[in-house]
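Q: Below is a structure I'd like to ask you about.
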């Protein structure tokens, strides 16, 4: 069984790729349960309505729960070296901060909803091409681990 459940905070603004299906990418900072001041940084990809709602109602620093599965892939850089990727493909996002309790403002003029869960329709077969550069050959900034400093963290 390939199932992932994560709770963390977005480390940056969402990267949105519009096409036939909206693709939203970000990195989630997930605290380690037994190590204070330490976190894992996990790349998350959201398709369709799940990505659209996450982009509309969450931003850098928003706390969310992500439910999905792990997907691996690889692509070849321009210098000929092969880069391997591991991503969580989100099938559901739950907003964990109630309206008005977040210091983070949503990415639109509307108020963020009460904590809720989104279940997007994902078709990862046609949108994510394993072995061909990840998301339609666009591997922007994902060939190296994220360069995150303490100042970048929302907590």
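Q: Please verify whether residue 92 is outside any strand (DSSP E or B) and surrounded by fewer than 20 Cβ atoms within 10 Å (Cβ to Cβ), treating the condition exactly as stated.
A: Details: outside any strand (DSSP E or B): no; surrounded by fewer than 20 Cβ atoms within 10 Å (Cβ to Cβ): yes.
No.
Matching residues to (1) under 16 Å from residue 11 (Cβ atoms); (2) over 12 Å from the mean Cα position of the chain (by Cα); (3) modelled with pLDDT of 95 or more:
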{"position": "46", "(1), (2), (3)": "yes, no, yes"}
{"position": "56", "(1), (2), (3)": "no, yes, no"}
{"position": "59", "(1), (2), (3)": "yes, no, no"}
{"position": "66", "(1), (2), (3)": "yes, no, yes"}
{"position": "79", "(1), (2), (3)": "no, yes, yes"}
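Q: With respect to the numbered conditions (1) in a loop (DSSP other than H, G, I, E, B); (2) crowded, with 17+ Cβ neighbours inside 10 Å, which one is the sole condition not fulfilled by residue 36?
A: Failing condition for residue 36: (2).
Q: Out of all the residues in region 1-30, which are surrounded by fewer than 17 Cβ atoms within 10 Å (Cβ to Cβ), without any contact (Cβ under 8 Å) to a residue 40 or more places away in the chain and in a strand (DSSP E or B)?
A: 16, 30
Q: Residue 84 - would you say it is at pLDDT below 95 and touching a strand residue (DSSP E or B) at 6+ places or on another chain (Cβ under 7 Å)?
A: Working: at pLDDT below 95: no; touching a strand residue (DSSP E or B) at 6+ places or on another chain (Cβ under 7 Å): yes.
Considered against the rule, which asks whether it is at pLDDT below 95 and touching a strand residue (DSSP E or B) at 6+ places or on another chain (Cβ under 7 Å), residue 84 comes out as no.
Q: Same structure again: For the structure I just gave you, tell me whether residue 50 is in contact with a strand residue (DSSP E or B) (Cβ under 6 Å, 6 or more places away or on another chain), part of a helix (DSSP H, G or I) and either at pLDDT 95 or above or under 15 Å from residue 28 (Cβ atoms) (or both).
A: Working: in contact with a strand residue (DSSP E or B) (Cβ under 6 Å, 6 or more places away or on another chain): yes; part of a helix (DSSP H, G or I): yes; either at pLDDT 95 or above or under 15 Å from residue 28 (Cβ atoms) (or both): yes.
So residue 50 fits the description; yes.
Q: Say whether the condition of being surrounded by fewer than 21 Cβ atoms within 10 Å (Cβ to Cβ), in contact (Cβ under 8 Å) with a residue 24 or more places away in the chain and closer than 12 Å to residue 87 by Cα is met by at least one residue in region 42-57.
A: yes
The values are calculated or read from the model by the stated rules, or taken from the named source; none is laboratory data. Quick caveat, the model's predicted, so the values are computed rather than measured. All Cβ positions, even for glycine, are placed from backbone atoms using ideal geometry, and neighbour counts span all protein chains on display.
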